[in-house]
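Read-outs throughout are calculated quantities, based only on the coordinates presented, and are distinct from any laboratory measurement. Treat the numbers as computed from the prediction; the structure is a model and nothing was measured. Positions of Cβ are backbone-derived with ideal geometry, glycine not excepted, and every protein chain shown enters the neighbour counts.
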Amino acid sequence: MFQSHISEPHAHVSAPRAHAQCVKISNIVTLSKPELVAPSKRILSFRDPTAKMSKSAIDPNSRVLLTDSYETIAKRVRSAVTDSISGITFDPAERPGTSNLITILSACTGEAPAVLAERYAESNHGALKRDVVEAIEEALRKPRAEFARLREEKAFLVQVARNGAEKAREHSEKTMREVRKRVGLS
């Protein structure tokens, strides 16, 4: 929902590097276009709305995790940095905290940030934060339930890990044989 498979800045940096490394071994390794699946490119930290939301941030109150309880999410959203300007507007440059909450609500509901900003124009941050909490909770409800279900299926998880490791081993052995051959190591 919130995160893409690979962040756009990382894709732009890593693709040319990967291409340069693959020139010698052309047609062995194929480079695919990065797949960005998030409806919102950038969800920002609750504590520092100029920084990306990250699970590795020092302050756990800066983010929402799939495993967070409703109470934890509500506490973190309520403590999100906003501003003291009356009303709600979507202006990422001037109101990053408020705009971040609108972006999160947009990502959860599918509504455009401009539409949400207009709806909340006469509201206060408290009302917006309450609705963001409810939207996050609803968006995470099904994935959280599926995650909990899968965590209980230990045999299934072990088998998936074994199958994945075997496929990776087979693929990498074949690729590495060809790479060694092309660079003269075999």
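Other residues with beta-carbon under 11 Å from the beta-carbon of Leu65 carry, at +1 per Lys or Arg and -1 per Asp or Glu, a net charge of +3.
The phi-based Karplus calculation (6.51 cos²θ - 1.76 cosθ + 1.60; θ = phi - 60°) puts the 3J(HN,Hα) values of region 46-58 at 5, 8, 9, x, 9, 10, 5, 5, 9, 5, 8, 4, 4 Hz, whole numbers, x for Gly and Pro. All other residues whose Cβ lies under 14 angstrom from that of Ala139 are scored, Lys and Arg at +1 and Asp and Glu at -1, for a net of -4. Charge tally for Ser54 (other residues, Cβ to Cβ under 12 Å; Lys, Arg +1; Asp, Glu -1): +3. Annotation: amide H of Ile43 within the under-5 Å range of Met53, sequence separation 5 or more or interchain, hydrogens built in the peptide plane.
Residues Thr103, Thr50, ranked from the fewest to the most other C-beta atoms within 10 Å, line up as Thr50, Thr103. Once both labels are positioned 7 Å from their Cα atoms along Cα-to-Cβ, the gap between Glu138 and Arg180 label points is 5.7 nm. Applying the Karplus relation 6.51 cos²θ - 1.76 cosθ + 1.60 with θ = phi - 60° to region 96-104 yields 3J(HN,Hα) values of x, x, 5, 5, 4, 4, 5, 4, 5 Hz, where x marks Gly and Pro.
Annotation: amide H of Ser123 within the under-5 Å range of Ile88, sequence separation 5 or more or interchain, hydrogens built in the peptide plane. Checking the Cα-Cα distances for Lys55/Lys167; Lys55/Lys174; Lys52/Lys154; Lys52/Lys129 against a 25 Å cut-off, the pairs over it are Lys55/Lys167; Lys55/Lys174; Lys52/Lys154.
Among Phe46, Phe156, Phe90, the ranking by other beta carbons within 10 Å of each residue's beta carbon, starting with the fewest, stands as Phe156, Phe90, Phe46. Annotation for Ala121 and Tyr70: the two label points, set 7 Å from Cα along the Cα-Cβ direction, are 3.3 nm apart.
Ordering Glu146, Glu152 by the number of other Cβ atoms within 10 Å of each residue's own Cβ, fewest first, gives Glu152, Glu146. Contour minus end-to-end for Ala57 and Leu150, with contour as 0.36 nm per residue of separation and end-to-end as the Cα-Cα distance? Fully extending the segment from Ala57 to Leu150 adds 30.8 nm.
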